[in-house]
Amino acid sequence: MNTFDPQTPAIVGYVTPWSAHAGQDLAFKISSRGNRAFTATIERIDCCDPNPDGPGMKLVPIDVQLESTYPGREQPVFPGSCAYGPMPPLKDIQKVNLDLTVQPTLEDASLQTLVALQNHDGTHGAAIALTHGELVFLSLATGEQINTGVSVAADLWTNLQISIDRDGHVQAISSGTNAREEAFRNMAEFDVPFSAAAFDGTTLCFAAIWRGHPEQAFNGFIESPELRAASNDARGDQRQDILLAHWDFTPTLDHARVPNWLDSDAPLALVNTPMRAVRSSGWTGREMDWKHAPEEYAAIRFHSDDLSDCGWETSINLCIPADLPSGVYGLRVDNGEGVDTIPFYVTVASGGKHARIAFLAPTLTYLAYANNARGNFSGALADRVKAWGAYPHNPDVVPSFGTSTYNYHSDDSGVSLSSRLRPILTMRPGYLTFLDEHGSGLRHFSADSHLTNWLKEKGFEFDVVTDEDLDDRGVDALKHYDVVLTGSHPEYHTRRMLDALLAYRSAGGSLMYLGGNGFYWKIARAASAPHLLEIRRAEAGMRVWESRPGEYYNQLDGEYGGMWRRNGLPPQKVAGVGFTAEGDFRGSFYRRTPASFATDHAWLFAGVKAGAEEPLGNFGLSGGAAAGFEIDQTATDLGTPDYVTVVAYSDNHDASFVTVPEELLFNRMVGKPRVHSGIRAHMICGFGPSGGGLFAVGSICFLGSLYCNGYDNDVSQIVDNCLRRFLTISQASASPVGARA
Ligand SMILES: [Fe+2]
């Protein structure tokens, strides 16, 4: 799979990191089909809704000094995870034994490599592989294949003891328990005429053949393997085996290497981040945390479609100019056959001049959804993309760049890791996610431009802080701001991020949570691999796949994963409301509560036309109205602070909406009775003890309603009232954490 695939965009790229402030560098990695030269320009991305009935695409050219053209290079993609490194020298050894315990997870017609004993580029040597569930030997020089008749069943553990003689004699013993619960031990002997080539090797690769990149990769588990030498004693008899290498596959927080206990200078390098912290053959179920029983987690799970780093060369290095204001930008590259706009964020250095408002760009949620192949890109949606001139590429059609944590690997296991070191088609201006009969059908990056567009139109100056900035810098990333605004769906967070938001609020900062199903999943990141996020879909929640029991602890940080609700910080504690119900991407309206008419809240509804019991926000570009798709409620028992008031609740959702599973018990709901319960979003407002405001809308569709009627509508009015009020109270009091310059 590489960029010669005709479905792949003619020019496409990625940038690392995703954000930078003045003086910092961004590295853009571009693949240009046919090595065509390309031009590059910078655009400010104010709005990326291609709907002709909406505000339109607003991509504003920015004058930043770039070269007139750049030499193009077509850069390939090689998916598949593996572990490769130096092979112990076998020069004087006549016979080796390989001890491999494996569990294939996908039986198919492809060649899936268990191990290759090879030269540095895989052009010489021998590989042991599976095809159609049968063990085969492969000559890397000639491609000759020896079928062994040894079967290795999918989804069961099999121990393989494979002895290879230089003279071509091979013995394979397979043992385990079969699907009929019968213990088995089979022995097969056969000739592999090219076996001597294995002894000349310098490199050993598990789960793929290493040709400078993985090829013929394996799907399944391999447990800590061993290599032994069988030598002859002085009388010529075979002596006991000598251990040459023991590769320890038990999980550690070193995501990049696997040690060889016999030679500390010869670790294996892990490529494309296979899944670790997975059950191995000895898992008993008595221990759920790999850190407490690493020997029960001594396997690595490889996938032939893992992709954590395309490894492309840098095409453009952009140093952020001192005068480029914070915001959402894109590098637009054009090679004459195609165009790509690669988004990036300009932030403010800690000593720089800050705006009073921050848009907290939910970049880690964008990453969790990166290249989400939904299987809906055909027919009317594809027609609309053409008709609207929307972003033309879709991961349904272009599989080369991997999928999202909402997808499955080819062996049907859930994707638990996502990387930003690859082109992300879903994060492009004008990307349509749904065929939305009542609106534009935008999600995530494009949907959040409804907010940045509104801020620009209303004349509010704002900076951008990304999720990664928040995770890396903690509350320091927010301390300069009076008000922090979220996007439409800020769903994925680390503990550091939530702690930072809580610290910001408790120090008097104001938060406007303008989305739905926010602060829901607990993710892991590793400082040594900032491009990655990990999600274990543990225990409960609205899930498209579930982690296997015993695999709820992350490989990247060793922490327990899953929902924040199951980890001591429910969304209600962070933002006042939390996920309650989900349905189709279809909006409905809110109704004001009687409390919203009290003097305390009159300011929030100043100029709002909807009166008591009248629909509020029954319009919009996301699902046709302000409340919908995924909706949130208050719950005092889950942490909603007492000082907030439900000022509106949504109503009239269609039959597609269901209560989320974590809210349900047999015959009753979880927790204490809720106010305005049922299938409803809650809009809330209040002021904390330090004076900071908390406003939340509990709906993914909400931001799509800002634009309607030339921004003169109740939703726009409420957000405007709230933002101005929060700015006013902040000005009247000390700065949020007393640090604003
Ligand atoms: Fe989500």
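The values are calculated or read from the model by the stated rules, or taken from the named source; none is laboratory data. Just so you know, these numbers come straight off a predicted model, no measurement behind them. Ideal geometry is used to build each Cβ from the backbone, glycine not excepted, and the neighbour counts take in all protein chains shown.
Of note:
- Screening Trp210 with (1) at pLDDT 95 or above; (2) surrounded by fewer than 17 Cβ atoms within 10 Å (Cβ to Cβ) gives one miss only, at (2).
- Output for the stretch 353-365, where each listed residue is more than 16 Å from the ligand (Cβ to nearest atom) and touching a Phe, Trp or Tyr at 6+ places or on another chain (Cβ under 8 Å): His354, Ala355, Arg356, Ile357, Ala358, Phe359
- Here the stretch 538-574 is the region considered, the condition is being away from the ligand (no atom under 16 Å from the Cβ), in contact with a Phe, Trp or Tyr (Cβ under 9 Å, 6 or more places away or on another chain) and of a type in the set (Lys, Arg), and the residue that is nearest to Thr640 (Cα to Cα) is Lys573.
- Subset of the stretch 434-471 [within 19 Å of the chain's Cα centre (by Cα) and either of a type in the set (Phe, Trp, Tyr) or surrounded by fewer than 22 Cβ atoms within 10 Å (Cβ to Cβ) (or both)]: Phe445
- Selection from the stretch 648-661 of residues that are more than 16 Å from the ligand (Cβ to nearest atom), more than 18 Å from Gly518 (Cβ to Cβ) and among the hydrophobic types (A, V, I, L, M, F, W, C): Ala655
- The number of residues in the stretch 640-658 that are under 23 Å from Arg543 (Cα atoms) and buried (at least 17 other Cβ atoms within 10 Å of the Cβ) comes to 2.
- Residue ranges of strands (runs of 3 or more DSSP E) in the stretch 527-643 with at least 2 members out of contact with any Cys (no Cβ under 9 Å at 6 or more places or on another chain), in contact (Cβ under 8 Å) with a residue 24 or more places away in the chain and over 21 Å from Leu511 (Cα atoms): 529-535, 578-592
- Residue check for Ser730: surrounded by 24 or more Cβ atoms within 10 Å (Cβ to Cβ) and either polar (S, T, N, Q) or in contact with a Lys or Arg (Cβ under 6 Å, 6 or more places away or on another chain) (or both): no
- In the stretch 476-496, the qualifying residues are those that are within 16 Å of the ligand (Cβ to nearest atom) and not in a strand (DSSP E or B), and the one that is nearest to Gly561 (Cα to Cα) is Glu491.
- Strands (runs of 3 or more DSSP E) completely within the stretch 98-217 that count 1 or more residues being among the charged types (D, E, K, R): 134-139, 158-165, 183-191
- Scan of the stretch 46-61 for residues that are among the hydrophobic types (A, V, I, L, M, F, W, C) and surrounded by fewer than 16 Cβ atoms within 10 Å (Cβ to Cβ), ordered by number: Val60
- Condition met for Ala126 (more than 15 Å from Ile222 (Cβ to Cβ), among the aliphatic types (A, V, I, L, M) and surrounded by fewer than 19 Cβ atoms within 10 Å (Cβ to Cβ)): no
- Checked against (1) touching a helix residue (DSSP H, G or I) at 6+ places or on another chain (Cβ under 9 Å); (2) surrounded by fewer than 24 Cβ atoms within 10 Å (Cβ to Cβ), Arg565 passes all but a single condition, namely (2).
- Residue match in the stretch 30-45 (condition: assigned to a loop (DSSP other than H, G, I, E, B), at pLDDT below 95 and either surrounded by fewer than 21 Cβ atoms within 10 Å (Cβ to Cβ) or hydroxyl-bearing (Ser, Thr, Tyr) (or both)): no
- Lys573 being closer than 18 Å to Ala500 by Cα and surrounded by fewer than 23 Cβ atoms within 10 Å (Cβ to Cβ): yes
- Scanning the stretch 169-187 for residues that are surrounded by fewer than 15 Cβ atoms within 10 Å (Cβ to Cβ), more than 38 Å from the chain's Cα centre (by Cα) and touching a residue at least 12 places away in the same chain (Cβ under 8 Å) yields a count of 4.
- Among the conditions (1) under 27 Å from Ala540 (Cα atoms); (2) touching a strand residue (DSSP E or B) at 6+ places or on another chain (Cβ under 7 Å); (3) surrounded by 24 or more Cβ atoms within 10 Å (Cβ to Cβ), the only one that Arg674 does not satisfy is (3).
- Considering (1) surrounded by 18 or more Cβ atoms within 10 Å (Cβ to Cβ); (2) more than 16 Å from the ligand (Cβ to nearest atom); (3) farther than 30 Å from Gly509 by Cα, the lone condition that Ala387 does not fulfil carries the number (1).
Condition check ((1) under 21 Å from the mean Cα position of the chain (by Cα); (2) away from the ligand (no atom under 16 Å from the Cβ); (3) buried (at least 19 other Cβ atoms within 10 Å of the Cβ)) across all residues:
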site	(1), (2), (3)
Cys319	no, yes, no
Gly336	no, yes, no
Val346	no, yes, yes
Leu367	yes, no, yes
Asn371	yes, no, yes
Arg374	yes, no, no
Gly402	yes, yes, yes
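- Only residues that are more than 16 Å from the ligand (Cβ to nearest atom) and within 23 Å of the chain's Cα centre (by Cα) were counted in the stretch 498-532, giving 13.
Okay, residues lined up against (1) of a type outside the set (S, T, N, Q); (2) over 22 Å from Leu59 (Cα atoms); (3) part of a loop (DSSP other than H, G, I, E, B); (4) modelled with pLDDT of 95 or more:
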{"position": "Glu287", "(1), (2), (3), (4)": "yes, yes, yes, yes"}
{"position": "Glu295", "(1), (2), (3), (4)": "yes, yes, no, yes"}
{"position": "Arg301", "(1), (2), (3), (4)": "yes, yes, no, yes"}
{"position": "Asp305", "(1), (2), (3), (4)": "yes, yes, yes, yes"}
{"position": "Ser308", "(1), (2), (3), (4)": "no, yes, yes, yes"}
{"position": "Gly311", "(1), (2), (3), (4)": "yes, yes, yes, yes"}
{"position": "Leu318", "(1), (2), (3), (4)": "yes, no, no, yes"}
{"position": "Val328", "(1), (2), (3), (4)": "yes, no, no, yes"}
{"position": "Glu337", "(1), (2), (3), (4)": "yes, no, yes, yes"}
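- A residue that is in contact with a helix residue (DSSP H, G or I) (Cβ under 8 Å, 6 or more places away or on another chain), within 16 Å of the ligand (Cβ to nearest atom) and modelled with pLDDT of 95 or more can be found somewhere in the stretch 631-646.
- Residues located in the stretch 36-68, provided they are of a type in the set (Lys, Arg), under 14 Å from Thr341 (Cβ atoms) and touching an Asp or Glu at 6+ places or on another chain (Cβ under 9 Å): Lys58
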